[in-house]
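Here is the structure we will look at.
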Amino acid sequence: MPFLCCSLSKYLVLTVLLVFTLLPASARLVAGTIVEVETSMGVFFLELDNLSAPETTENFIKYVAAGHYDNTFVYGTTNASFLRGGGYTFNTCPSGVGRIEPISSVLPESTMLSNSGGVISMMMRNKATDVITSDWTISISDNRSYDGSDYGYIPFGRVLGYGIEVVETIAFRNPALGPEILGGPEDDFFDETINCATPMQYNHISIKMTLLNDDPTAPAAFYSTRDNTLTVNVIAEGKYFEVPFEIKNQGDEISITPRLDEIVEMQKPVPNMAMFDDSEQILSIGTLAVDGVVLYEDLTFSRHKSSPQWYLLQSYKKI
C-alpha cells in the first residue's frame, strides 16, 4: 500500500515546526547547501539556509566556489563568543598577508534567523560601506543580542552535528588577539606578525572550504512503493546515517521501524539531512520523495511509548 495515501488527511493535522538544538526557531527543516570546512584543527560541516537567506547564501557560495576561502585563516575569537574568518588570506604572499579580494557583495538581508550557538553569519567588513562581502562569523555562545541587520551580523546557516566541538576548540585556542600590522583599530586582530613563510604556525588556524553538493532541493528521505521501504538521511547524536525503515499501515496509524542491521554511517552529510531529537524522541524529515518525485514536506514522527524502535507519523504537508 502506498505510504501517504489520501485517507491520512482525515486524521493528521499539520503542526508547527519543531525547534532543534543549533537550529534557529524561525528556520525550516529544509536547509540546503552543504559546505565542508577543513581546518588545521579538524573538519566540520556547514548547512546553509538557502530558503531563509537566499541572497546572503548565494554571496557566500560565490566565495567558496571561487576558492577565496582557501589558504585563509581564523583571525579573531572575541572571548570565545565568536569565531571570525573570511577576512584575510595568504594568497597575497610573499608581499604580506592581505585582505580577501571582494568578488561579490550584498546588502544586509533580513533573514529572520538568529545568532544562536552554532550559527554562521556574514558580517560587514566596514560598517561605513553597509555591504557584506567575504567576512563571516560563527557564534560559539548565544549572540542573539546581535540579531537585526543594523548590527551587520546576518545569520544564514549552521554548524552540523559534532562539528561545533571543532569550532569551540578553535575558538578557545584564541588564535588571534591584538595589534597593528593590518591597518587601523578596526583591523587589530593579531598579537604577533602573521608571517607568509609560516602559514601553519600553531596559533593561526588555516581554512579550506568545499561545496559538497549545491542542491537545496535534494530530499531528506526516499520512499519506494516497490519494496515499501523508507530510506532517511538523518543526523543523530552528531553523526550522519542512512537509515532504512520498515513501513506499517495499521488502520488510522502509519508507523516506521528502523532496520538496525542495515543502517550505514555516512562519512559526510548530504543536503537537507533529517533531524533526530534524542531528548524529545522525534524524527523530523524536511522533504520526502516517493518513487523519485518529491511529494511531501515537514514530516514528523514520534517514538511510541511502548517501543523504542517504533515511530508514529504525527504530521506532514503535501507539496
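Readers should treat all values here as calculations from the given coordinates under stated rules, not as data from a laboratory. All of these numbers come straight from a predicted model, not from anything done at the bench. Every residue, glycine among them, receives a Cβ derived from its backbone with ideal geometry; neighbour counts consider all protein chains shown.
Key figures for this structure:
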| read-out | value |
| --- | --- |
| R0 of 30 Å, Cβ-Cβ distance LEU295-GLN250: FRET efficiency to nearest 0.05 | 0.85 |
| Packing rank of 157-163, 229-235, where each peptide gets the mean count of other beta carbons within 10 Å, highest leading | 157-163, 229-235 |
| Packing-based exposure ordering (other Cβ within 10 Å, fewest first) of LYS305, LYS268, LYS208 | LYS305, LYS268, LYS208 |
| At R0 = 41 Å, FRET efficiency that the Cβ-Cβ distance of THR217 and LEU107 yields, to 0.05 | 0.95 |
| Two-site label geometry, SER145 and ARG226: point separation in nm, points 7 Å out along Cα→Cβ | 5.8 nm |
| Ranking of GLU237, GLU246 by count of other Cβ atoms within 10 Å, fewest first | GLU237, GLU246 |
| Two-site FRET efficiency, ASN91 against SER306, from Cβ-Cβ distance with R₀ of 45 Å, rounded to 0.05 | 0.15 |
